[in-house]
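Notes to accompany the following structure.
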Amino acid sequence: MKFELMPYTIRPKKQLPTAGIKGEVGHFGSVVVARCPLYRPLEKGMDTATLSGPAFPETIFRGRRRTGRPSLFKAELTLGGRRAELRFNSRALRKADRALRITYGERGYTYTVQDLGMVRILEREGVRVSITPGRHVPPATTFSEGTATGPVDAVDLAIAIVLEEVDTDVLTLGGALSSSPFALLQYFSDHAD
C-alpha cells in the first residue's frame, strides 16, 4: 500500500497555531497529526504531537521540545490510552544500536532513520512501513511518501506516521553527535535542585 502525507499549518485568530501533516492512507482513510509550533512556557519544555483519524487509535507522542517539535528525550507514546515502552541509545556508534525500540503490548517494533534522515522505517515481524520525501511543490512544500508492506494495521501506521512530527535526528550518527551538547544540558536541567 502506498500513501502520501502533506504538511499543513493553520493560523487562526485568537487561538494557537497548529502545524503537522495530513493525508489519506489507503482503506484506513484520513489521518491528521497536529502539534503547536510555538514554544509554550507552561508546558515546561515538553511538546506534543497528536494523531487522529476515524480508523486510527488516538496516538499521542510527548517529548522534550527540540527544533520546534517533540523529541525522543523524556518521551512518552500512548495509543488508544495504552502506553508503549520506548528505548534508544543516543550514544551508540552503530546505526542498529541507535535504533528506537518500541514495545506495545505483545508487539516489538524497530524504528530507524537512514540516508541522512531521508528514509524513516518502522518494522515489526512481517510488517514494514517506510516514509521518504515525496513530490515537491514550489515554493517550499515537500510531501512525504509512505509504503506499507505485510499485514499492516492501524496501530503500525499510527506509530510510523506520528513519528513524522517528532525530532528523531538523534537516531542518525550526525544527529547523535550534534545532540550531545543538548543531551548534556538536558541532564543538568533534569537533575537541578
Can you give me the long-range amide H partners of GLU58? Hydrogens built in the peptide plane at 1.01 Å from N, cutoff under 5 Å, separation of 5 or more residues or another chain. GLY80
Could you tell me the center-to-center distance, by alpha carbons, between segment 18-40 and segment 74-147 in angstrom? 16
Largest-first ellipsoid semi-axes for the chain, taking √(5λ) over the Cα gyration tensor eigenvalues, angstrom: 24, 21, 17
Want the number for LEU38 to ARG94: 0.36 nm per residue separation, take away the alpha-carbon distance, what's left? 16.8 nm
Note on the chain: contact order normalised by length, alpha-carbon pairs under 8 Å, 6 or more apart, percent, works out to 18
By its C-alpha gyration tensor, with a ≥ b ≥ c as the square roots of the eigenvalues, how is segment 12-106 shaped: rounded for a/c under 1.5, else prolate for a/b larger than b/c, else oblate? oblate
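FRET efficiency for ARG135 and GLU106, Cβ-Cβ distance as r, R0 = 30 Å, nearest 0.05?
0.20
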Please work out the average accessible area per residue across the chain, using the 1.4 Å probe convention, and give it in Å². 54
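Students sometimes get this wrong: rank SER90, SER71 by accessible area, probe 1.4 Å, all chains present, largest first.
Highest to lowest solvent-accessible surface, that is SER90, SER71.
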Which order do TYR111, TYR39, TYR8 take by accessible area at a 1.4 Å probe, largest first? TYR39, TYR8, TYR111
Lysine pairs in segment 1-146 with Cα distance under 30 Å, only those 8 or more apart or on different chains: how many are there? 11
With a 1.4 Å probe and all protein chains kept in place, how do LEU77, LEU38, LEU116 rank by accessible area, largest first? LEU116, LEU38, LEU77
When the helix-only estimate is applied to the chain (DSSP H runs of n ≥ 4, each -39,500 (n - 2.57), divided by the residue count), what is the mean residue ellipticity at 222 nm, nearest 500 deg cm²/dmol? -5000 deg cm²/dmol
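The values are calculated or read from the model by the stated rules, or taken from the named source; none is laboratory data. Worth saying up front: this structure is predicted, and the values here are computed from it rather than measured. Here the Cβ is made from the backbone with ideal geometry for all residues, glycine too, and neighbour counts use every protein chain on show. Each accessible area value is taken on the protein alone, full model and side chains, heavy atoms only, with ligands, DNA and RNA left out. Shrake-Rupley method; radii C 1.70, N 1.55, O 1.52, S 1.80 Å.
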